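Structure, as structure tokens:
The values are calculated or read from the model by the stated rules, or taken from the named source; none is laboratory data. Remember, predicted model here, so these are calculated numbers, not experimental data. Note: ideal-geometry Cβ built from the backbone for every residue, glycine included; neighbour counts use all protein chains shown. Only protein heavy atoms, including side chains, enter the accessible area calculation; ligands, DNA and RNA are left aside. Shrake-Rupley method; radii C 1.70, N 1.55, O 1.52, S 1.80 Å.
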Amino acid sequence: VRHIVQVWKDNGLPVNIPFFMTEGNIGGGAPPSSVKAGLWLADYVGTMMSEGAGATYYFHYMPYPGNGSGFGNFLIIDADYKVVGYPPQYIAAQMITTEWAQPIDAPHKQFKAASDVNDAAGNVLVTAYALERPDRQWAVMLVNRDQSNDHVVAVAFDAGGQHEKYFSGQVDRVTFGSNEYQWHRDGPGGHADPDGPPSKSTVSGGAEALYLIPKASITVLRGHLGQ
């Protein structure tokens, strides 16, 4: 995403022309029944919006009978069109729109965020997306792409280059990933066990605080900053 947006700019896209992602989803080996599809959605939305998109649109919400193995399974429904399952992209969408963002019709401010949690080849393993919400809380969405390992991170906010700020007091921690959702193949069908919901807890902030980001997960840290 970052690369192609920069290509547009290099090709002369004026800075005052809005751009939109009008139809996007993951394909090629990561069906919506896989937790990877949920991680991808969080990473994609976070990156697209941080690169300046005016909006991003999911493809597609309309459900049809199936087992969570193809596009259209934002909800898993049976032949009678009754909901029988909530795949990772559905839960990831809830994480993005109700835990990271505040579910309210009011402006949010997104700030650039960077991570130095890399593998030996230099690939970023834990990505970060920071929002200042209308309720004055700060929310950082962290996506641990590492399928095998938890990571422990510190979170610091650049306060105008003078000093750093940190979460203070109690910090809400909401996580959804491979510990909360596992898909089990079952012949032509399948089922999830566990199948959510995200885990929620409260942790303490501060300059020395470290936050556990479980393997293959989306984690939202949300709270207020200290002075």
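Could you name every one of the strands (runs of 3 or more DSSP E) located completely within the stretch 123-207 that has at least 1 residues being more than 21 Å from residue 48 (Cα to Cα), at pLDDT below 95 and among the aliphatic types (A, V, I, L, M)?
Working: elements: 126-132, 138-144, 151-153, 157-159, 163-165, 167-177, 181-186, 189-195, 199-204.
In the stretch 123-207, the matching strands (runs of 3 or more DSSP E) lie at 157-159, 189-195.
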Quick test of your reading of the structure: residue 111 fulfils all but one of (1) within 29 Å of residue 34 (Cβ to Cβ); (2) of a type outside the set (D, E, K, R); (3) surrounded by fewer than 14 Cβ atoms within 10 Å (Cβ to Cβ). Name the failing condition by number. (1)
Please work out which residue is least open to solvent (accessible area, probe 1.4 Å), limiting yourself to the stretch 190-214 and to residues that are over 10 Å from residue 175 (Cα atoms) and of a type in the set (Ser, Thr, Tyr). 211
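Every residue, every condition in (1) of a type in the set (Asp, Glu); (2) farther than 19 Å from residue 216 by Cβ, yes or no:
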{"position": "113", "(1), (2)": "no, yes"}
{"position": "116", "(1), (2)": "yes, yes"}
{"position": "119", "(1), (2)": "yes, no"}
{"position": "130", "(1), (2)": "no, yes"}
{"position": "135", "(1), (2)": "yes, yes"}
Select from the stretch 95-116 the residues that are within 10 Å of the chain's Cα centre (by Cα) and either without any contact (Cβ under 8 Å) to a residue 24 or more places away in the chain or farther than 12 Å from residue 176 by Cα (or both) and list them in ascending order. 97, 100
Can you tell me which of (1) touching a helix residue (DSSP H, G or I) at 6+ places or on another chain (Cβ under 7 Å); (2) of a type in the set (D, E, K, R); (3) free of Cβ contacts under 8 Å to residues at least 24 places away in the same chain is the one residue 145 doesn't meet? (3)
Among the residues of the stretch 70-107, which ones are open to solvent by 60 Å² or more (accessible area, probe 1.4 Å) and part of a loop (DSSP other than H, G, I, E, B)? 71, 79, 80, 81, 82, 86, 103, 104, 105, 107
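Over 15 Å from residue 226 (Cα atoms) and either touching a residue at least 12 places away in the same chain (Cβ under 8 Å) or crowded, with 19+ Cβ neighbours inside 10 Å (or both): which single residue out of 168, 178 fits that description?
Numbers: 168 fails: over 15 Å from residue 226 (Cα atoms).
178 is the lone residue from the list that is over 15 Å from residue 226 (Cα atoms) and either touching a residue at least 12 places away in the same chain (Cβ under 8 Å) or crowded, with 19+ Cβ neighbours inside 10 Å (or both).
Return a yes/no flag: does the stretch 161-181 have any residue that is hydrophobic (A, V, I, L, M, F, W, C) and farther than 17 Å from residue 113 by Cβ. It would help to see each step written out before you state the result.
Our first condition is that a residue be hydrophobic (A, V, I, L, M, F, W, C); within the stretch 161-181, this holds for 167, 171, 174, 176.
Still in the running and farther than 17 Å from residue 113 by Cβ: 174, 176.
Scanning the stretch 161-181 turns up at least one residue that is hydrophobic (A, V, I, L, M, F, W, C) and farther than 17 Å from residue 113 by Cβ.
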For residues that are open to solvent by less than 30 Å² (accessible area, probe 1.4 Å), assigned to a helix (DSSP H, G or I) and touching a helix residue (DSSP H, G or I) at 6+ places or on another chain (Cβ under 9 Å), tally how many sit in the stretch 4-63. 12
